[in-house]
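Notes follow the structure.
The values are calculated or read from the model by the stated rules, or taken from the named source; none is laboratory data. Since this is a predicted model, take the numbers as computed values, not measurements. Cβ: placed from backbone, ideal geometry, glycine included. Neighbour counts: every protein chain shown.
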Amino acid sequence: MSSPAGGPVFADRVLNDWLSSVGLGIEYSRAEANTLYYVDEDGQEVPVLDHVCGFGSLIFGHNNPDIVAHAKTVLDRQVPVYVQLSHQSHANDIAAVLNAILRREIPGGDGDYAAIFANSGAEAVEICVKHAELERRARVAKLTDETSRNAEEAREAVGAGRATVAENPYVRFDGASGESDRLEQLLAEAGRRNAELIARGPVHLALENAFHGKLVASIQLTQNPHWRLPFTSLASSTRFLRADRPDEMKAAVEELRTSLLDVLVDDGVVTVVERDFPLVGAFFVEPVQGANGMRPLTGAAAREIRAVCDAVGCPLIVDEIHSGMGRTGAFLASSHMGLRGDYYTLAKSIGGGIAKNAVALFHRDRFRPEFEVMHSSTFAKDGFSAAIALKVLEMLEADDGRAYRIAAERGDRLKGALTAVAADFPDVVDAVHGIGLMLAVEFKDQTGASSEPLREKAASGMLGYLIAGLILREHRIRVLPVGPAGNSVRFEPSIYLTDADIARTENALRDVCTILRDQDGDRLTP
């Protein structure tokens with residue numbers, strides 16, 4: 001592959017070759033609202049309906065004129081963009097608006113949330129990983145301080161002859177010359193075991209089919225083995241739980257319970273007590289699982305997740321990077337299922353389609369103030385992206401949340417069209433999932449198809465991309481698969497989706513379903 005000028009290619013060589021092989025290798029030249037444009041071989045501009053919209057980042061569409069005009073005004077005013085280690089009131093302005101929204105939307109909202117800004121959703125997740133570990137280590141330190149004090153009290157009591165050391169299952173007192181010797185043997189063994197436990201890293205909890213990013217820590221929370229397994233040695237481990245079996249969550253977490261050994265003097269006897277050790281770092285949850293075909297959590301799962309976190313004492317981190325900012329018809333998708341988090345992450349649409357921005361929010365009862373200086377970023381919290389975020393929040397909240405109502409109504413209309421297709425092709429479509437403008441159509445498995453091309457592409461996980469290529473080639477509509485299996489296609493346009501757009505989408509989907517029903521695999525080949 002060469003560059004247009006015939007020179008060597010230094011970026012995206014493999015990616016671009018692959019995109020061309022599945023019919024998605026188009027370079028777009030212009031964008032507005034839900035429409036992308038490319039220039040064809042005749043020099044004509046071709047419009048494409050965009051159902052990907054930056055992986056759900058464009059609640060107000062491409063190059064929204066109000067946001068663009070605001071951005072130009074900000075730049076014309078020469079607003080300081082990078083002034084690290086200075087008073088930056090715009091950060092608090094954003095946090096104040098977010099707190100007002102969270103108090104409205106969080107079930108039983110009872111507190112304020114501190115804000116730490118980031119450059120991307122994955123970075124916001126990593127910030128939460130760091131803060132959760134800071135919080136966990138504080139709990140560990142408190143526990144070890146207590147065990148140290150108890151050990152000294154036992155030494156004092158035994159040394160003064162006020163206590164004896166009881167038999168226990170942790171150490172045999174062979175050769176002990178007296179109570180003090182027995183106690184020191186016990187404390188040495190308890191110290192050894194405790195030191196091994198304290199040296200262990202945390203275990204985080206996440207749901208099966210989770211996607212929380214691809215950075216060093218966030219990739220450990222993303223279940224897809226092709227992305228995660230090469231890097232498991234770099235960060236903390238994760239236990240993945242099934243969202244569709246909430247009754248099993250508590251039992252699974254019980255398997256992770258472990259204990260620190262403590263010694264107590266009780267009525268003149270030194271005994272060993274097992275104390276719960278905070279091994280679990282945090283529970284990371286997406287209210288709508290994008291990589292799982294846009295499946296929302298059930299109310300039962302939300303309740304059990306909250307109960308697990310309360311029982312273990314770890315923070316519940318609600319990842320609203322994909323589902324938040326109005327995409328589901330509410331600012332927080334978690335408000336639909338009554339899920340109350342201790343931390344929240346927001347990104348994607350907060351950038352208004354033209355800036356990179358993200359934020360992690362921490363409930364005041366859990367936030368550790370020292371974290372404000374322990375974590376920093378050169379580019380986070382900059383003046384430009386902050387100004388865009390404030391404009392986006394203003395637009396979302398305008399007219400008593402009209403944007404949320406539009407997202408819900410447009411989403412219902414689009415889901416109705418997708419569901420109608422599914423009803424007419426029950427042998428082809430498994431289900432339609434999602435809420436608001438975060439939807440997916442799940443096709444039935446084609447690995448046993450009579451058509452060899454369909455069977456081969458399904459077995460390789462490429463069928464969804466070929467379907468997307470066909471829809472782009474023949475219908476000028478841009479969709480992409482969602483989920484590691486590649487059997488689902490995503491639909492997450494902006495709130496400016498029209499009835500005509502929905503009709504075009506339904507027609508294209510019917511065409512795809514006809515191909516799959518008739519096993520016409522050759523039509524999928526670019």
**Asked** Can you tell me which residues in region 487-503 are outside any strand (DSSP E or B) and not polar (S, T, N, Q)?
**Response** Glu492, Pro493, Ile495, Tyr496, Leu497, Asp499, Ala500, Asp501, Ile502, Ala503
**Message:** So in region 21-64, with the set limited to residues that are among the hydroxyl-bearing types (Ser, Thr, Tyr) and not in a helix (DSSP H, G or I), which one is surrounded by the fewest Cβ atoms within 10 Å (Cβ to Cβ)?
**Reply:** Ser29
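With of a type outside the set (A, V, I, L, M, F, W, C), over 14 Å from the mean Cα position of the chain (by Cα) and at negative phi as the only criterion, which of Glu304, Glu286, Glu320 stands out?
Of the residues listed, the single one that is of a type outside the set (A, V, I, L, M, F, W, C), over 14 Å from the mean Cα position of the chain (by Cα) and at negative phi is Glu304.
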**Residue check, Gly383 under 16 Å from Tyr496 (Cα atoms) and either modelled with pLDDT of 95 or more or in the same structural domain as Ser488 (by TED's automatic domain parsing) (or both)** = no
**Request:** Output the qualifying pairs, or none if there are none: Cβ atoms under 7 angstrom, residues six or more apart or on different chains, first residue in region 411-426 and under 18 Å from Leu437 (Cβ atoms), second residue assigned to a loop (DSSP other than H, G, I, E, B) and not aliphatic (A, V, I, L, M).
**Result:** Gly411/Gly329; Gly411/Gly436
**Request:** Report whether or not Ala151 is modelled with pLDDT of 95 or more and part of a helix (DSSP H, G or I).
**Result:** yes
**Given (1) among the aliphatic types (A, V, I, L, M); (2) in a helix (DSSP H, G or I); (3) closer than 19 Å to Glu126 by Cα, index of the condition Met249 fails** = (3)
**Message:** Where the second residue is at pLDDT 95 or above and surrounded by 20 or more Cβ atoms within 10 Å (Cβ to Cβ) and the first is farther than 16 Å from Tyr344 by Cα and polar (S, T, N, Q) and lies in region 121-140, which pairs have Cβ atoms under 7 Å and are six or more apart or on separate chains?
**Reply:** none
**Prompt:** Right, Pro484: over 28 Å from the mean Cα position of the chain (by Cα), at pLDDT below 95 and assigned to a loop (DSSP other than H, G, I, E, B) or not?
**Reply:** no
**Asked** Somewhere in region 415-425, is a residue surrounded by 15 or more Cβ atoms within 10 Å (Cβ to Cβ), assigned by TED's automatic domain parsing to the domain that holds Ile59, under 27 Å from the mean Cα position of the chain (by Cα) and among the aromatic types (Phe, Trp, Tyr)?
**Response** no
**Some residue of region 292-314 being assigned to a loop (DSSP other than H, G, I, E, B), surrounded by fewer than 24 Cβ atoms within 10 Å (Cβ to Cβ) and touching a residue at least 60 places away in the same chain (Cβ under 8 Å)** = yes
**Request:** Would you be able to say whether some residue in region 511-523 is buried (at least 23 other Cβ atoms within 10 Å of the Cβ), touching a residue at least 12 places away in the same chain (Cβ under 8 Å) and closer than 23 Å to Val39 by Cα?
**Result:** no
**Fill in**
Result of the Cβ filter at 9 Å on region 234-255, keeping first residues that are without any contact (Cβ under 8 Å) to a residue 12 or more places away in the chain and assigned by TED's automatic domain parsing to the domain that holds Ala217 and partners that are small (Gly, Ala, Ser) and crowded, with 18+ Cβ neighbours inside 10 Å, at least 6 apart or interchain, is Arg245/Ala301
**Asked** Could you list, in sequence order, the residues of region 69-95 that are in a helix (DSSP H, G or I) and surrounded by 14 or more Cβ atoms within 10 Å (Cβ to Cβ)?
**Response** His70, Ala71, Val74, His90, Ala91, Asp93, Ile94, Ala95
**Asked** Pick from region 157-168 the residues that are part of a loop (DSSP other than H, G, I, E, B) and in contact (Cβ under 8 Å) with a residue 24 or more places away in the chain: which of them is surrounded by the most Cβ atoms within 10 Å (Cβ to Cβ)?
**Response** Ala163
**Request:** Of the numbered conditions (1) more than 28 Å from the chain's Cα centre (by Cα); (2) surrounded by 11 or more Cβ atoms within 10 Å (Cβ to Cβ); (3) at pLDDT below 95, Trp18 fails exactly one; give the number of that condition.
**Result:** (1)
